[in-house]
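Trainee: Structure in structure tokens, see below.
Nothing in this text is a laboratory measurement; each read-out follows from the coordinates by a stated rule. Remember, it's a predicted structure, so these values are computed and weren't measured experimentally. With ideal geometry, Cβ positions are generated from the backbone for all residues, glycine too; neighbour counts draw on all protein chains shown.
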Amino acid sequence: MSRQHAPSRRSFLQTALAAGGVAAWPLLGCGPAAKAPTHAALGLDVSGANSLAAHAANANLLFGFAVDTAALRDNAAYRNTVKQQCSIVVAENAMKWSALRPAADKYSFADADALVAFTDENHIKLRGHTLCWHGGLPAWFDAAMTPDSARGQLLEHIRTVAGRYAGRMHSWDVVNEPILMADGRPDGLRTSPWLRLAGTDYIEAAFRAARDADPTALLTLNEFGVEGQNREDAEKRAALLLLLRRLKQRNVPIDAVGIQSHLRARTLYGYGAGLQSLLRSCNEMDLQVFLTELDVDDRDLSQNIDARDSGVAAQYASYLQTTLASPAVRAVLTWGVDDAHTWLNTAQPRGDKQPQRSLLFDERLRPTQAFAAVRDAFDARSSIPKH
Ligand code: XIL
């Protein structure tokens, strides 16, 4: 793994300030106290060299979205935004078991194949999500899966799916969300159906099968709830670190950690030293880090659109300032393209029933203040001298 730059936090902040980057965000007139321009009035040029992909590349980063394959097929404006902004994408749902496995003995690859063709054609990298997860399982799963069959089924699924796209994937989320402290195991592992049915070493087995099936994809363990300074996140972070160390010690083929990064516009605790220490540990273990599902839940903010937009933008700015200081971070993906397609409208609806304004493009695909905040954060990182 090449380490292009390893700035101290202080030098990062100084450079960011000097460059008028994220740390200078309030000066752009978008801080909570300032009268923020509406997103429509931002009038940003976001094409070509002004795109997020281009600014990310200057910062040694990939940038992209989780994409909805139906929208990609049917909605030209959505498709153009993806082509314009992304150097990498991930399927929001099309590569989950629920999409790929209509029946225990059947695979359905139409949407996944279409996405692979789209990314190939447009020279966009592709992350696979996800080979093994307790969620996104098909309806037949519970009745059909037994302790005798589960391990074989899991490994066969991995061989079939990762094998089909071998050589064409940037990375795979091999195991998603394996930790749940509330389940009470000393190792912090979630007692997911896979752990119960396929064995407590299912994580290791899944990674080994994935490496055999696709030797070039970066094999990733993806997790949420490890970002904050609060006690719950700190405990989960410690369990994640323990798991990563154990996998490394056992020579399990793992290349990267995905930090989901589902943020909340108003947190009581913020993001800081704990997360930075996790990033340092990943770097020491030669694990790349991808911010895989970045978005900002604005449910705690009042109805005022400008206030919501600047609150959301400020959260993106502060989170990326914390995380992009680490050279381990190589990719940033938001969970969705635009506010018309955010899962938060269903998963975390606002009390006032207004749609969430959580992504970098609004419901009409216009760049938001959050877009500007993210681009500034990339620029602040690219101004760090490389060595
Ligand atoms: C979500 C999708 O966004 C929804 O469309 C779907 O209904 C449920 O799954 N963490 C993950 C993602 O790893 O796969 C989840 O995606 C969001 C939380």
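Trainee: What's the long-distance tail for segment 228-297, i.e. % of Cα pairs beyond 19 Å?
Mentor: 35
Trainee: In nm, give the distance between the simple-model label positions of THR160 and SER277, each being 7 Å from the Cα along the Cα-to-Cβ direction.
Mentor: 4.4
Trainee: Also, quick follow-up: Add +1 for every Lys or Arg and -1 for every Asp or Glu among the other residues with Cβ under 15 Å from the Cβ of THR216, and state the total.
Mentor: Combined, the nearby Lys, Arg, Asp and Glu give +1.
Trainee: To continue, here is another question. Take each of the peptides 76-88, 288-300, average the number of other beta-carbon atoms within 10 Å over its residues, and list them starting from the highest.
Mentor: Averaged packing, sorted descending, gives the order 288-300, 76-88.
Trainee: Kirkwood Rh over Cα pairs of the chain into Stokes-Einstein at 25 °C, 0.890 mPa s: D in µm²/s?
Mentor: Rounded to a whole number, D works out at 116 µm²/s.
Trainee: Just subtract the alpha-carbon distance of ARG364 and ALA144 from 0.36 nm times their residue separation and send over the number in nm, one decimal.
Mentor: Values: separation 220, 0.36 × 220 = 79.20 nm, distance 4.30 nm.
Contour length minus Cα-Cα distance gives 74.9 nm.
Trainee: Which order results if CYS132, CYS282 are arranged by neighbouring Cβ count within 10 Å, fewest first?
Mentor: CYS282, CYS132
Trainee: Can you tally the net charge around TYR271? Count Lys and Arg as +1, Asp and Glu as -1, for every other residue whose Cβ sits under 11 Å from the Cβ of TYR271.
Mentor: Computed value for this residue: -1.
Trainee: Please arrange GLU223, GLU121, GLU235 by how many other C-beta atoms lie within 10 Å of their C-beta, fewest to most.
Mentor: GLU121, GLU235, GLU223
Trainee: With a point put 7 Å past each Cα toward its Cβ, work out how far SER108 is from ASP300 in nm, to one decimal.
Mentor: Taking the two extended label points, one gets 4.0 nm.
Trainee: Also, quick follow-up: Rounded to the nearest 0.05, what FRET efficiency is calculated for ASP212 and GLU235 with R0 set to 25 Å and r the Cβ-Cβ distance?
Mentor: 0.15
Trainee: How large is ³J(HN,Hα) for each residue in segment 237-247, as worked out from phi by the Karplus curve 6.51 cos²θ - 1.76 cosθ + 1.60 (θ = phi - 60°), to whole Hz, x for Gly and Pro?
Mentor: 4, 5, 5, 5, 4, 4, 4, 4, 4, 5, 5
Trainee: Could you list TRP343, TRP133, TRP194 in order of exposure, starting from the residue whose Cβ has the fewest other Cβ atoms within 10 Å?
Mentor: Ranking TRP343, TRP133, TRP194 by Cβ neighbours within 10 Å, fewest first, gives TRP343, TRP133, TRP194.
Trainee: Let me ask you something else. Quickly work out the ARG266-to-LYS353 label distance, labels modelled 7 Å from Cα along the C-beta direction, and quote it in nm with one decimal.
Mentor: Those two pseudo-labels are separated by 2.2 nm.
Trainee: Can you work out D for segment 73-196 in µm² s⁻¹ from Stokes-Einstein, where Rh is the Kirkwood radius over C-alpha pairs, the temperature is 10 °C and the viscosity is 1.306 mPa s?
Mentor: For these conditions, the coefficient is 100 µm²/s.
Trainee: Assuming R0 = 30 Å, what is the FRET efficiency of ASP201 and ASP286, from their Cβ-Cβ distance, to the nearest 0.05? Don't skip to the end; give the middle numbers.
Mentor: Working: r = 22 Å, r/R0 = 0.75.
Here the calculated transfer efficiency is 0.85.
Trainee: Please give the contour-minus-distance gain from ALA77 to ARG168: 0.36 nm per residue of separation, less the Cα-Cα distance, rounded to one decimal in nm.
Mentor: Difference between extended and current length: 30.2 nm.
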